[in-house]
1. What relative contact order, as a whole-number percentage, does the chain give when Cα pairs under 8 Å and 6 or more residues apart are counted?
2. Which one, 57, 39, 21, is farthest towards the positive end of the dipole of the range 1-159 when Lys and Arg carry +1 and Asp and Glu -1 on their Cβ?
3. Fewest first, what order do 159, 5, 184 take by the number of other Cβ atoms within 10 Å?
4. What's the FRET efficiency of residue 133 with residue 12 using the Cβ-Cβ distance as r and R₀ = 41 Å, to the nearest 0.05?
5. Taking +1 at the Cβ of each Lys and Arg and -1 at the Cβ of each Asp and Glu, which of 112, 128, 66 sits farthest along the dipole of the chain towards its positive end, judged by Cα position relative to the Cα centre?
6. Report the full-extension gain for the segment residue 89 to residue 48: residue separation times 0.36 nm, less the Cα-Cα distance, to one decimal in nm.
7. Using a Förster distance of 35 angstrom, determine the FRET efficiency expected from the C-beta separation of residue 31 and residue 55, and round it to 0.05.
8. About the Cα centre, and with charges only on the beta carbon of Lys, Arg (+1) and Asp, Glu (-1), how big is the dipole of the chain? Nearest 20 debye, please.
Amino acid sequence: MAKQLGFYFDATACIGCRACQVACKDKNDLVVGQTWRQVVEVSGGSWTAQENGTWATTAFAYYVSLGCQHCEKPSCVEVCPTGAMTKRADGIVVVNAEQCIGCRYCEWACPYGSPQFNEAKGVMTKCNFCEDYVAQGKKPACVDACVMRALDIGELADLRVKYGSVAQIDPLPAANLTRPSIVLTPHAKSSTHGDVKKLALDKGGMK
């Protein structure tokens with residue numbers, strides 16, 4: 001396999017503090033309405049009355065930190081009519097603002113909702129894996145900001161050897177759609193079936 005950088009996320013460790021989300025927004029000086037990394041909550045279960053007057057519960061909640069997956073088969077790159085969206089030799093997917101015409105095809109094609117439109121500039125923007133940090137041998141801002149060390153990066157092949165091959169848990173779409181460059185440690189309550197619908201990110205968090 002060609003060189004491919006990827007993310008690792010541990011859903012058993014994430015506490016939903018959104019430090020990664022804030023660090024990304026701060027590092028990239030993102031405008032209101034743009035959040036390249038978002039933390040979403042997944043919850044479910046119910047309470048049931050017992051015959052002895054007590055209550056039993058199956059309620060659960062866990063968090064998932066989401067950024068661009070820098071997919072091995074990125075749909076954003078496939079649909080871009082100008083070549084503004086490209087995949088580098090190291091696997092990082094980037095957008096060239098000078099070539100982008102703001103058609104938003106990439107936004108519609110991405111099942112993760114990663115490309116985001118900048119209204120003021122009329123171009124698409126997205127997570128670039130903190131390519132400037134990586135070039136300096138450092139880790140992305142989101143990874144360094146994680147207080148629980150739930151995030152990490154590395155060669156995708158190495159991450160799979162170390163952590164396994166899980167690449168989809170709710171609410172992420174099926175991994176076979178774009179082959180995301182991510183390895184996940186699922187929460188005990190995580191479903192790994194993969195919803196084929198486009199991910200609807202929670203807009204109630206950090207803007």
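No lab work stands behind these numbers, since they all come straight from the coordinates. Small disclaimer: the values here were computed from a predicted structure and weren't measured. Reconstructed Cβ throughout: ideal geometry from the backbone, glycine too, with neighbour counts over all protein chains shown.
1. Relative contact order, the chain: 30 percent.
2. So the residue furthest toward the plus end is 21.
3. Neighbour counts put them in this order, fewest first: 5, 159, 184.
4. Approximately 0.95, to the nearest 0.05.
5. The Cα lying farthest towards the positive end belongs to 128.
6. Between residue 89 and residue 48, full extension yields 9.4 nm more.
7. 0.15
8. Computed charge dipole of the chain: roughly 160 debye.
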